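A.B. asks: Can you keep this structure in mind? I'll have questions shortly.
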Amino acid sequence: MRTRTVLFVAALLAGWAPVAGAQQAAGQQPADQTATATPWHITLANWLDGGVRVTDTTGDQARFERFRDPRTGPFLDRLRLDKDNGTSLVAVAVDNVGYRDQRYFAQFEVPGTVRFSGEWNQVPTFWSINTRSAYSGAGTSVQTLPAGLATAVQAASSSLIPLYTAQALANAFDTRSRRDTLTLNLLYTPTPNLDVNVNLSSARKNGDEPWGMSFGFGQTVEVAAPVDTRTTDLAAGAEWNNSRGMLRVNYDGSWFTDHQDSLTIDNPSRAIDSPTAGSSRGRTALWPGSTSHTVTGAGAIRLAGHSRLTASLAVGTWRQDQTLLPATINTAIATPSLPRTSAQTDARRIATNIVFTTRPATMLGITARYRLYDFNDRTPDYSPFQLVQYDQSNDVDDVIPVETRSIFNHRDNALDVEATLTRFRAVSISGGYRLNRDNRTERVFGITTDNAVFASVDSASTGIVSLHGVFEHARRRGSEYDEEVLLDAGEYPGLRRFDIADRDRNRVTAMLQVMPVANLAVSGSITATKDTFPDQQYGTQDTFGLQDRNSQGYAVFLDATPSDAVTVGGGFGYQLYKTSQQSRQVSTGGTVPLSGQQLDPRRDWTLSEDEKVRYVAANLELAHLFPKTAVRFTYDYNRAESPYTYGIPTPGVLSTPTQLPPVINRWHTATIDIRYFLRRNLAAGLMYWYDRYTVDDFALGSQIEDKPAIPGIILLGYGFRPYRANSFWARLLYLF
C-alpha cells in the first residue's frame, strides 16, 4: 500500500461543476426552472460552458493527466439541454468535446411508457511520458532489438549494457491507452405492472501499457505491451410487480476478445538459440478471450405480519477456449506435444440470495439474509508429458513431467441475522450475527469459517445531533489443514496466508454530526480495527507471515453559512495502518522432517510497516459579496508516509539489515474560481488551478530515469515521479 492516499477533490476537471445543475443527473427534471438561486447552485437545466484553457506542466505530465485530458486549447466543457413538453422529455449532455476524456449523452423519455438513452464515454490512461526502450515496435505483439546488439552483449556480457542505455534513450515514446465505451439502454413499460429492459455496452481498449517479462532469475525486461481488447455486455429482462410482490427474469451475457494473443520479444543477452544457454526470444500469453452467460430469476412477496420475502437464483457459465502456445519458442529444443490445442476451460456458477424481513412489533424489526455462491470447475483434465523451463534443457530438471492440473472449486455460504429496536428515546439499537463458511480446493485450509457478532446504535433525527456507531467482533478459523500445499510451493509449512489464516478481529466505527444552529454543522468520525493472528495448531509450531494488523483513523469537518453570501468549510483527518510480518531465512527447501536451519529461531527476521496518512481540506464561497460577482476557493492536501523496518533477533546469525528509506507521497491542489454575471443568464469567469505531487520512492521514484538499463534488468522508465501543474481557464457560462 505504498501509494495509498485519501483524495477529497471530487471533480477538479468539472470546472464549474457546481454550477447550473451539474450535480443533477442528465435528463432529470429540475425542481425549479428559474435562475434565482446563488451563482454556485443554479437549478436551470439548459446551460453551456466553454472557453479557453492554458495548462503548463513540469515533471510527470502523465501522472497529472492519468485519467483526464486538461490540455491547452479551446474547450466546450459542459453542455446541458433538457426539454419537457408535458408528454415527453429530451435530455442531452456533452462534456469536454474533442479531448481524450470526452463524453456524449442523450435520452428520450415518454414518462410511464418508454425511456431510451445512449452514451459515448472515453476514459484515457496516460502511463508515462518518459518511457524509452531499446526495443522497436513498442505496443505491438512482436518487439525486436537492433541487429547485432544482442550478439555483442552475448559475447561481452553486461559490460555492454551502456549500448542498451543509449539505444533506449534514443527510442523515447509515450505509453498510454484509452477505453471507448458505447452504452445503449431501453426501458419499455407496456402496462403499469410490467417493465422490459435491454442494455447493451461495448467497450474497446486500445494502446499500450508497461509489462514485465523474464528470461530466468538473472534477466528481467520491461516493454510496452499491446492493448487491443473488446468487451461486449448484453443484459435483457422483464419485471412484473404489484402491491403484493414482484417477479423478474434476466439474462446477462459478456464477451471479451483480445486481438493480441501473445507477446514476443528478443532476449537481450542471447542472439542465437541454444539448448543449454536458452532462447534468443521470449514469448508470453496475453489476456485470453472469454465468455460469460447468466440467467437470473428473482421474486418478492409480501407476507402477513408486516413481513416480506425476497429470493433470487442465478445460474451461469464461464468459458475460455484460447489456442495454447507451444511449450517453448526455442528452435534448438524439440517442442513437447500438448494434450490438446486449446484451453477448453469451463466453469459453472450458481448464486442464491434469500432475504426475509419482518416487523413482529412496532418497535422491533428483524432481517435475515442467506447467500450461496457455488463455483464448479469443469475444465477437462490437462496432463502434459513434459514442461520446458526457461526455454532450455541443460539438465534433466529443466524438462520435467507435469502433474494433473488442479481443480479450483469454491463454495461460499453466508448467513446474516439482524434485529433492530426503534423509537427507544430517539435512538435505534441493532444487533446481529454473521456466518461465512468458505470451502475451496487446493488451499492450505479446505474450509474457513468466519463468525461475527455486531451491534450498532443510530440516533433518530433530532435536528441537532446525529449519531451512528458500529462494533463488530469476528473470529475466523480454518479446518482441513493440508501442509503439502505449502511444501509443494516451496514455502515454510507454518506460513500464514493473509486471506485464510486464523484471525480474531475487533472493529469499531462511529460518526457524529452536531448542528447547534441552522447554519453550522460539525461532523466527525473515528474508526479502529485490530486483527490478531493466534498460533496455528497445525503442523509446525512456528508460525510465519502476517503477525498482526491494526488500523485507526479520525476526521473532523466543519461547514458554516454565516450569511447568504458566505459559505465556509474545512477539516482534517488522520489514518494509521500498522502491520508486522515474520519469516525465517533458510537455504534448504521445504522438507519433512524439518532441517536444522528451519528449526533455528536465530535465523528469524521481521518486517514492520507503519503507514500514516494525513489530509486537510478547505473551501470558501463568496456569493454576491461584490455586485454580480462570485468567488470560490478550494484547497486540499494529502501526505502519506510508509516506513518499512527490518529486524533480527539478538543474538542471531543473520547480518544486520540495511533499512530502506520511507516511501512518502504528497499532493497539493488549490483552485480559485471567479465569475461575473454580465446579465441574468450570462457570466464570464476566470479560474486558476494549481496541482502538485511529490514522491520519494526507493523502488519506483525518479532515480529510475537514470537507469534504463542495469546488469540483469532493462527498465521501461515507468515509475512514480513528481509534477507541478498550473492551469488557467477563461470561460463563458450561458443559461437558457
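The values are calculated or read from the model by the stated rules, or taken from the named source; none is laboratory data. Since the model is a prediction, treat every value here as computed from it, not as a measurement. Here Cβ is always computed from backbone atoms with ideal geometry, including for glycine, and neighbour counts include all displayed protein chains.
A.B. asks: Return the residue satisfying two criteria in turn: it lies in region 85-121 and is of a type in the set (D, E, K, R) and in contact with a helix residue (DSSP H, G or I) (Cβ under 9 Å, 6 or more places away or on another chain), and of such residues it is surrounded by the fewest Cβ atoms within 10 Å (Cβ to Cβ).
C.D. replies: 101
A.B. asks: Answer with yes or no whether residue 410 is surrounded by 14 or more Cβ atoms within 10 Å (Cβ to Cβ), in contact with an Asp or Glu (Cβ under 8 Å, 6 or more places away or on another chain), within 30 Å of residue 339 (Cβ to Cβ) and at pLDDT below 95.
C.D. replies: Judged against the criteria, residue 410 is a match.
A.B. asks: When you check residue 307 against the structure, is it touching a residue at least 12 places away in the same chain (Cβ under 8 Å) and either touching a helix residue (DSSP H, G or I) at 6+ places or on another chain (Cβ under 7 Å) or farther than 27 Å from residue 453 by Cα (or both), yes or no?
C.D. replies: Here the answer is no, as residue 307 does not meet what is asked.
A.B. asks: Only one of these is free of Cβ contacts under 8 Å to residues at least 40 places away in the same chain, surrounded by 15 or more Cβ atoms within 10 Å (Cβ to Cβ) and in a strand (DSSP E or B): 637, 615. Name it.
C.D. replies: The unique qualifying residue is 637.
A.B. asks: Okay, moving on. Here is a check on your reading of the model: is residue 227 touching a Gly at 6+ places or on another chain (Cβ under 8 Å), part of a strand (DSSP E or B) and under 25 Å from residue 314 (Cα atoms)?
C.D. replies: When the stated conditions are applied, residue 227 does not pass them.
A.B. asks: Can I ask one more? Go through region 181-214 and report how many residues are acidic (Asp, Glu) and closer than 23 Å to residue 108 by Cβ.
C.D. replies: 1
A.B. asks: Please go through region 46-95 and pick out each residue that is under 30 Å from residue 114 (Cα atoms), without any contact (Cβ under 8 Å) to a residue 40 or more places away in the chain and not hydroxyl-bearing (Ser, Thr, Tyr).
C.D. replies: Answer for region 46-95, where residues must be under 30 Å from residue 114 (Cα atoms), without any contact (Cβ under 8 Å) to a residue 40 or more places away in the chain and not hydroxyl-bearing (Ser, Thr, Tyr): 79, 81, 83, 85, 86, 90, 94, 95.
A.B. asks: As an exercise: evaluate residue 316 against (1) under 30 Å from residue 197 (Cβ atoms); (2) in a loop (DSSP other than H, G, I, E, B); (3) among the small types (Gly, Ala, Ser) and give the number of the one condition it does not meet.
C.D. replies: So the condition that residue 316 fails would be (2).
A.B. asks: Kindly indicate whether residue 715 is under 30 Å from residue 150 (Cα atoms), of a type outside the set (Asp, Glu) and out of contact with any Gly (no Cβ under 8 Å at 6 or more places or on another chain).
C.D. replies: When the stated conditions are applied, residue 715 passes them.
A.B. asks: Additional query: So residue 49 ticks every box in (1) over 20 Å from residue 630 (Cα atoms); (2) among the acidic types (Asp, Glu); (3) at pLDDT 90 or above but one. Which box is left unticked?
C.D. replies: (1)
A.B. asks: Return the residue satisfying two criteria in turn: it lies in region 286-314 and is among the hydrophobic types (A, V, I, L, M, F, W, C) and within 23 Å of residue 243 (Cβ to Cβ), and of such residues it is modelled with the lowest pLDDT.
C.D. replies: 304
A.B. asks: Looking at residue 592 and the list (1) over 30 Å from residue 626 (Cα atoms); (2) at pLDDT 85 or above; (3) β-branched (Val, Ile, Thr), which single condition is not satisfied?
C.D. replies: (2)
A.B. asks: Among the residues of region 275-303 satisfying the criterion of being of a type in the set (S, T, N, Q) and crowded, with 17+ Cβ neighbours inside 10 Å, which is nearest to residue 329 (Cα to Cα)?
C.D. replies: My answer is 279.
A.B. asks: Moving on to the next point. Kindly indicate whether residue 452 is buried (at least 17 other Cβ atoms within 10 Å of the Cβ) and either assigned to a strand (DSSP E or B) or in contact (Cβ under 8 Å) with a residue 12 or more places away in the chain (or both).
C.D. replies: When the stated conditions are applied, residue 452 passes them.
A.B. asks: Given the criteria surrounded by fewer than 14 Cβ atoms within 10 Å (Cβ to Cβ), at negative phi and out of contact with any helix residue (DSSP H, G or I) (no Cβ under 8 Å at 6 or more places or on another chain), does residue 340 qualify?
C.D. replies: Spelling it out, residue 340 is indeed surrounded by fewer than 14 Cβ atoms within 10 Å (Cβ to Cβ), at negative phi and out of contact with any helix residue (DSSP H, G or I) (no Cβ under 8 Å at 6 or more places or on another chain).
A.B. asks: Further, regarding this structure: Does residue 677 meet the test of being of a type in the set (Phe, Trp, Tyr), in contact with a strand residue (DSSP E or B) (Cβ under 8 Å, 6 or more places away or on another chain), farther than 30 Å from residue 47 by Cβ and in a strand (DSSP E or B)?
C.D. replies: Taking the combined requirement at face value, the residue does not satisfy it.
A.B. asks: While we're here: Does residue 614 meet the test of being among the basic types (Lys, Arg) and over 30 Å from residue 546 (Cβ atoms)?
C.D. replies: no
A.B. asks: Moving on. Can you pull out the residues in region 311-326 that are under 30 Å from residue 389 (Cα atoms) and either touching a residue at least 60 places away in the same chain (Cβ under 8 Å) or polar (S, T, N, Q) (or both)?
C.D. replies: 320, 322, 323, 325
A.B. asks: Report yes if some residue within region 60-83 is of a type in the set (Gly, Ala, Ser), at pLDDT 90 or above and surrounded by fewer than 18 Cβ atoms within 10 Å (Cβ to Cβ); otherwise report no.
C.D. replies: Yes - at least one qualifying residue is present in region 60-83.
A.B. asks: In the set 654, 620, 625, which member is of a type outside the set (Phe, Trp, Tyr), outside any strand (DSSP E or B) and in contact (Cβ under 8 Å) with a residue 40 or more places away in the chain?
C.D. replies: One residue alone meets the criteria, 654.
A.B. asks: Condition check: modelled with pLDDT under 95, under 25 Å from residue 95 (Cα atoms) and of a type outside the set (D, E, K, R). Does residue 677 satisfy that?
C.D. replies: yes
A.B. asks: Taking residue 401 and the conditions (1) over 28 Å from the mean Cα position of the chain (by Cα); (2) surrounded by 13 or more Cβ atoms within 10 Å (Cβ to Cβ); (3) modelled with pLDDT under 85, which numbered condition does it fall short on, given that it satisfies the others?
C.D. replies: For residue 401, the exception is condition (2).
A.B. asks: Please go through region 615-673 and give me each residue that is out of contact with any Gly (no Cβ under 8 Å at 6 or more places or on another chain) and of a type in the set (Phe, Trp, Tyr), ordered by number.
C.D. replies: Across region 615-673, the qualifying residues are 626, 633, 635, 637, 644, 646, 667.
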